[in-house]
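The values are calculated or read from the model by the stated rules, or taken from the named source; none is laboratory data. These figures come from a predicted structure and were not determined experimentally. In this analysis, Cβ positions are derived from the backbone assuming ideal geometry, glycine residues included, and neighbour counts consider all displayed protein chains.
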Amino acid sequence: MKIIVCKDYDEMSVEAAKIVAAQMKEKKDSILGLATGSTPLGLYNELVKMNQCGEIDFSEIKTFNLDEYYPISHKDDQSYYYFMNENLFSRVNIDPANTDIPNGEAPDAEAECKRYDAAIDASAGVDIQILGIGQNGHIAFNEASDVLHANTHQETLTENTIQANSRFFENEADVPRHALTMGVGSIMKARKIILLASGKNKRDAVRALTDDTITTQNPATLLKLHKDVIIICDEEAMG
Ligand code: F6R
């Protein structure tokens, strides 16, 4: 596990964008694993700038997103479908047919999880997976628990996550209680993983990545078993 500590959020976003851009230049049809939340926004802005000045090309890029609230309409401005279109897909030359996100509108959650895993398995596999981290160490919506899932599944959000995500909603009661999420096994299959963390409130979760212990109570610690993980964080997150 490599750790890059940056001065601040902007430097962190530039650092992450350089790595993603290098991957995209090396392999025009790279498969990117994408995250939502506030942390990757700076990275997406950097990628948009690079795309607009012709430095990187999304025309052959494919993407899989980590997760989506469930159930939720694509039109809901809190859906990750909406988020991705707003913050990245509509701003770069990506073919929407090459993007996939667990479908919050699917009538049958279990069938949708199976469809999603099958789509990932049928692809050439994720080249770079971008991750954020929850204050409780969750990656995607794999919440701290005695038991984790390997594959895409429906997850019940913990109080900690509901509270953290309530900043995007009018009331805490409006935060969806469930999500469809890639499992830790699917995440670990990515060839390279970049985990981004910014701010003091991530300090405990990030510190747990710096020793050699692994616990399902901090799902991000499982990343210590992966051979190519880069943690990019700011000084506030590292402390
Ligand atoms: C989002 C996701 C979550 C977030 C995490 C941190 O797709 O998978 O695990 O990465 O909740 O969220 P922010 O970046 O908003 O602090």
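Structure data summary
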| quantity | calculated |
| --- | --- |
| Residue check for Leu223: out of contact with any Phe, Trp or Tyr (no Cβ under 6 Å at 6 or more places or on another chain), within 13 Å of the ligand (Cβ to nearest atom), assigned to a helix (DSSP H, G or I) and of a type in the set (A, V, I, L, M) | yes |
| Given (1) surrounded by 16 or more Cβ atoms within 10 Å (Cβ to Cβ); (2) more than 18 Å from Phe64 (Cβ to Cβ); (3) of a type in the set (A, V, I, L, M, F, W, C), number of the condition Ile187 does not satisfy | (2) |
| Subset tally (residues that are in a loop (DSSP other than H, G, I, E, B), surrounded by fewer than 23 Cβ atoms within 10 Å (Cβ to Cβ) and hydroxyl-bearing (Ser, Thr, Tyr)) for region 23-73 | 4 |
| Long-range neighbours under 6 Å by Cβ, at least six apart or interchain, first residue farther than 19 Å from Thr152 by Cα within region 86-106, second among the aromatic types (Phe, Trp, Tyr) | Asn87/Tyr44; Leu88/Tyr44; Val92/Phe58; Asn93/Phe58; Ile94/Phe58 |
| Ser13 in contact with a Leu (Cβ under 8 Å, 6 or more places away or on another chain), part of a helix (DSSP H, G or I) and of a type in the set (S, T, N, Q) | yes |
| Yes/no for Ala190 being within 16 Å of Ala140 (Cβ to Cβ) and modelled with pLDDT under 95 | no |
| Residues being farther than 20 Å from His149 by Cα and in a helix (DSSP H, G or I) - total across region 205-220 | 2 |
| Options Thr210, Thr215, Thr221; residue that is buried (at least 16 other Cβ atoms within 10 Å of the Cβ) and either more than 20 Å from Asp67 (Cα to Cα) or in contact with a Leu (Cβ under 8 Å, 6 or more places away or on another chain) (or both) | Thr221 |
| Which numbered condition Asp117 misses (of (1) of a type in the set (D, E, K, R); (2) touching a helix residue (DSSP H, G or I) at 6+ places or on another chain (Cβ under 9 Å); (3) over 21 Å from Val175 (Cα atoms); (4) not in a helix (DSSP H, G or I)) | (4) |
| Flag if Pro107 is more than 16 Å from the ligand (Cβ to nearest atom) and of a type outside the set (S, T, N, Q) | yes |
